[in-house]
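Novice: I'd like to ask you about the structure that follows.
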Amino acid sequence: REAGINTTTLDEYDIDIAVDGADEVNPTLDLIKGGGAAHTLEKLVDSSAKKFVVIVDESKVVEELGKFPVPLEIIPEALRVVKDTLVDLGGKPELRMGIQKDGPVITDNGNFILDTKSISAAVTVFLPACHKLEKELNIIPGVLENGIFAGLADKVIIGKMSAIEEIDREDIL
């Protein structure tokens with residue numbers, strides 16, 4: 001604002017392009033985001049944009065998502081119920097704790113983050129795994145949103161030591 005750049009909301013304007021990073025990206029441009037605990041609002045912005053571009057370095061590119069835990073934003077009252085459900089699905093959920101503060105990380109929406117490892121074991125093969133898992137996690141009562149961004153990225157730009165690689169979704173379909 002001090003520099004004269006106006007801020008706005010989704011209620012006022014459409015978004016032509018959203019540019020963001022990711023914690024992981026696979027060859028079909030599915031993502032895990034949420035390392036900064038803002039994936040719910042980011043998914044709202046990114047899915048509303050006409051074009052979503054992701055910029056990562058080569059360390060974020062993986063063959064299969066899941067090295068980075070899948071973050072779930074949950075309402076605080078649902079902590080035990082959601083954790084138990086994730087364990088039943090084969091996951092290993094951990095409440096994200098604040099660094100240099102007492103207690104859990106609190107999102108901009110006033111919720112908790114459950115970082116969940118090994119959850120991909122619950123996915124069946126009838127739909128592409130990322131898409132199915134994204135939907136299955138979001139129907140757990142108490143889950144506001146998860147950090148799987150399946151099918152949203154239109155382009156991924158990968159910074160490498162010697163070059164920049166660009167991958168467009170239309171090139172992989």
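The values are calculated or read from the model by the stated rules, or taken from the named source; none is laboratory data. Nothing here was measured: the structure is a model prediction, and the numbers come from that model. Please note: Cβ atoms are built from the backbone with ideal geometry, for glycine as well, and neighbour counts cover all protein chains shown. The protein model used for the area step is the full one, side chains on, heavy atoms only, and it has no ligands, DNA or RNA in it. Shrake-Rupley method; radii C 1.70, N 1.55, O 1.52, S 1.80 Å.
Novice: Looking at the range 87-103, which of its residues are open to solvent by 30 Å² or more (accessible area, probe 1.4 Å) and in a strand (DSSP E or B)? Lay out the reasoning, then the answer.
Specialist: First, the residues of the range 87-103 that are open to solvent by 30 Å² or more (accessible area, probe 1.4 Å): 87-90, 92, 94-97, 99-102.
Across the range 87-103, the qualifying residues are LYS92, GLU94, LEU95, MET97.
Novice: Across the range 89-114, what is the total count of residues that are modelled with pLDDT of 90 or more and out of contact with any strand residue (DSSP E or B) (no Cβ under 9 Å at 6 or more places or on another chain)?
Specialist: Qualifying residue count, the range 89-114: 2.
Novice: For the range 68-86, how many residues are open to solvent by 30 Å² or more (accessible area, probe 1.4 Å) and either farther than 27 Å from ASP30 by Cα or assigned to a helix (DSSP H, G or I) (or both)? Walk me through it before giving the result.
Specialist: Start the filter on the range 68-86 by keeping residues that are open to solvent by 30 Å² or more (accessible area, probe 1.4 Å), which leaves 68, 75-77, 79-81, 83-85.
Retained after the next criterion (residues that are either farther than 27 Å from ASP30 by Cα or assigned to a helix (DSSP H, G or I) (or both)): 76-77, 79-81, 83-85.
Selection size over the range 68-86: 8.
Novice: ALA78: touching an Asp or Glu at 6+ places or on another chain (Cβ under 7 Å), of a type outside the set (Ser, Thr, Tyr) and within 22 Å of ASP108 (Cβ to Cβ), yes or no?
Specialist: Working: touching an Asp or Glu at 6+ places or on another chain (Cβ under 7 Å): no; of a type outside the set (Ser, Thr, Tyr): yes; within 22 Å of ASP108 (Cβ to Cβ): yes.
The answer is no for ALA78.
This table checks each residue for (1) touching a residue at least 40 places away in the same chain (Cβ under 8 Å); (2) out of contact with any Pro (no Cβ under 7 Å at 6 or more places or on another chain); (3) in a loop (DSSP other than H, G, I, E, B); (4) of a type in the set (Lys, Arg).
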| residue | (1), (2), (3), (4) |
| --- | --- |
| ASP11 | no, yes, yes, no |
| ALA22 | yes, yes, yes, no |
| LEU29 | yes, yes, yes, no |
| LEU41 | yes, yes, no, no |
| VAL45 | no, yes, no, no |
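Novice: While we're on this one: For the range 47-67, how many residues are open to solvent by less than 60 Å² (accessible area, probe 1.4 Å) and within 25 Å of PRO104 (Cβ to Cβ)?
Specialist: Total meeting the criteria: 2.
Novice: So which of LEU137, LEU152, LEU127 is in contact with a Lys or Arg (Cβ under 9 Å, 6 or more places away or on another chain), surrounded by 15 or more Cβ atoms within 10 Å (Cβ to Cβ) and either part of a loop (DSSP other than H, G, I, E, B) or modelled with pLDDT under 95 (or both)? Even if it seems obvious, please write down each step before you answer.
Specialist: Values: LEU137 fails: in contact with a Lys or Arg (Cβ under 9 Å, 6 or more places away or on another chain); LEU127 fails: surrounded by 15 or more Cβ atoms within 10 Å (Cβ to Cβ).
After ruling out the rest, the residue left standing is LEU152.
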